[in-house]
1. From the set of residues in region 1-54 that are β-branched (Val, Ile, Thr) and under 46 Å from the mean Cα position of the chain (by Cα), which is surrounded by the fewest Cβ atoms within 10 Å (Cβ to Cβ)?
2. How many residues are of a type in the set (Gly, Ala, Ser) and either within 16 Å of residue 62 (Cα to Cα) or touching a strand residue (DSSP E or B) at 6+ places or on another chain (Cβ under 6 Å) (or both) when one looks only at region 23-45?
3. If we scan region 215-232, do we find a residue that is free of Cβ contacts under 8 Å to residues at least 12 places away in the same chain, of a type in the set (Asp, Glu) and surrounded by fewer than 18 Cβ atoms within 10 Å (Cβ to Cβ)?
4. Of the residues 115, 202, 184, 141, only one is within 23 Å of the chain's Cα centre (by Cα), of a type in the set (Lys, Arg) and modelled with pLDDT under 90; which?
5. Please pick out the residue among 127, 131 that is closer than 19 Å to residue 104 by Cα and either surrounded by 13 or more Cβ atoms within 10 Å (Cβ to Cβ) or not basic (Lys, Arg) (or both).
6. I'd like to know if region 203-225 contains one or more residues that are of a type outside the set (D, E, K, R), out of contact with any helix residue (DSSP H, G or I) (no Cβ under 7 Å at 6 or more places or on another chain) and part of a loop (DSSP other than H, G, I, E, B).
7. Which of the residues that make up region 272-299 are out of contact with any strand residue (DSSP E or B) (no Cβ under 7 Å at 6 or more places or on another chain) and not in a loop (DSSP other than H, G, I, E, B)?
8. Quick check on my filter: what residues within region 134-149 are surrounded by fewer than 16 Cβ atoms within 10 Å (Cβ to Cβ) and touching a helix residue (DSSP H, G or I) at 6+ places or on another chain (Cβ under 9 Å)?
Amino acid sequence: MFDLGHVRSFVAVAEEMHFGRAAARLNLSQSPLSRQIQALEQSLGVTLLERTTRAVRLTPVGRTFLAEAYRVLAAAEGAAQITRRAAQGESGLVRLGFTAASAFRALPRLVAQVRATLPDIDLVLEEMVSEEQMQALNGKRIDFALLRPSPALLSEDGPIATALLLRERLVLAVPSGRPLASARQLGIQALDGQALVTWSPRGGRYFVELLDRLFEAAKVRPRIVQRVNQAHTMLALVGAGLGVALLPESVRSIRMTGVVLRPIRLPASAQPELMLAWHRDNENPCLPTVRDAALGHARSSVAVP
């Protein structure tokens, strides 16, 4: 098998057609250069150069090998660049878990930011509920998770690190034609006694606990008529006239017939948060660069006025 250094020496001689000039270009003396060319010819079992006291010429086989030598050197340099970029976290594979609700706003923004700033990083996306994402993070089956905060997630002593990615308002989804759909101002008291479509504890425990705290503090008692896991299902049930629903403002990206989304005055504590989470011991070299790209973009949009 030939040596890449010998191939570079051959290319220098073939381009200069002179051992002296090629040796100077390579910072070698002529004798070592000549030995490298001889070693290359021996390894290939062919004669690449015709040498006389006055000139150096490529043999027909040498001309063929020169074209291949350019390809070999280009491939080697390309492999070196790819390896360096991978070591610097600028190329590679990143696995990202996300909740269905995060796909409305946070996920598209994150993906767009990573693609714009780190085009050589491939993102593999997998939809999971928050509990599944925590298990996948702990098992290092994913590199990042987009999930809602929880006491276990926010533990400073735990293996999972987090950063706030998004904070948003809640909006009230109302069947069109109902009085609440055209009310001038809405507050939490407007929900007292209202039929409410809300989250299932299995898929939306964070929202269940957030709304329970909100209703208890305001002494408001809506009538829960249905619990589901997905925001688009809640909107469909609201459109069918089953009741109203409190949802993150990012659901405005969903167009649902028969549904009006209204702003509602709520305490600041009623703004749902979305976290970017990763395992502290994850050795993927892409993790810091992707994290910085995601959080750098998020800093301008975390606070909701």
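1. Selected residue: 11.
2. 4
3. Scanning region 215-232 turns up at least one residue that is free of Cβ contacts under 8 Å to residues at least 12 places away in the same chain, of a type in the set (Asp, Glu) and surrounded by fewer than 18 Cβ atoms within 10 Å (Cβ to Cβ).
4. Criteria check complete, one pass: 115.
5. 127
6. Looking through region 203-225, none of the residues is of a type outside the set (D, E, K, R), out of contact with any helix residue (DSSP H, G or I) (no Cβ under 7 Å at 6 or more places or on another chain) and part of a loop (DSSP other than H, G, I, E, B).
7. 288, 289, 292, 293, 296, 297
8. 141
The values are calculated or read from the model by the stated rules, or taken from the named source; none is laboratory data. None of these values were measured; they are calculated from a predicted model. Note: ideal-geometry Cβ built from the backbone for every residue, glycine included; neighbour counts use all protein chains shown.
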